[in-house]
Amino acid sequence: MKKVIFVFSVLAFSVAAFAQSDTVINKTQPILIDSVQQDMTKVDGCMMMNGKMIMIKDSVSSPMKKQMIMGNGTKVNMDGMCFKMNGEKMKMKEGDHMDMRGMMHPREPKIKIGG
């Protein structure tokens, strides 16, 4: 009988120990969440960063040295001017990213939650 009580007490303590978790979020501390789920510096394409155009390839960024032509025919100049096939022109703003398909992903501000 003592062995059964001992086994149950050891089992109860081990379950209680595993129930403790470090993944609890401190709800009084503000959390900054980037509304863009994907980090755009890891997607191939080009991006306006610090007022200069950078080219991103295989998650490695480097200064843009020449005009890029995207998959849909959009041309992106080194000053951030974009010329679409339909004749539309636009200038990329800080944080804007265009992937290699020619899809624009504007950078959205971080949202502060809590605190």
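The values are calculated or read from the model by the stated rules, or taken from the named source; none is laboratory data. Small disclaimer: the values here were computed from a predicted structure and weren't measured. Cβ: placed from backbone, ideal geometry, glycine included. Neighbour counts: every protein chain shown.
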Of (1) farther than 18 Å from Pro106 by Cβ; (2) assigned to a loop (DSSP other than H, G, I, E, B), Glu94 satisfies every one except (1)
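So which residues in the range 88-102 are under 21 Å from Gly71 (Cβ atoms) and modelled with pLDDT under 90, if there are any at all?
First pass over the range 88-102, keeping only residues under 21 Å from Gly71 (Cβ atoms): 88-92, 96-102.
Of everything in the range 88-102, nothing turns out to be under 21 Å from Gly71 (Cβ atoms) and modelled with pLDDT under 90.
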Checking His105 against (1) modelled with pLDDT of 90 or more; (2) buried (at least 16 other Cβ atoms within 10 Å of the Cβ), only one condition comes out false. Which one? (1)
From the list Met53, Met85, Met47, exactly one residue is modelled with pLDDT of 90 or more, aliphatic (A, V, I, L, M) and assigned to a loop (DSSP other than H, G, I, E, B). Which is it? Met85
How many residues of the range 38-77 are touching an Asp or Glu at 6+ places or on another chain (Cβ under 8 Å) and of a type in the set (D, E, K, R)? The answer is 3
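If we scan the range 74-93, do we find a residue that is in contact (Cβ under 8 Å) with a residue 40 or more places away in the chain and under 24 Å from the mean Cα position of the chain (by Cα)?
Initial filter on the range 74-93 (in contact (Cβ under 8 Å) with a residue 40 or more places away in the chain): 92-93.
Subset that is under 24 Å from the mean Cα position of the chain (by Cα): 92-93.
Checking the range 74-93: at least one residue is in contact (Cβ under 8 Å) with a residue 40 or more places away in the chain and under 24 Å from the mean Cα position of the chain (by Cα).
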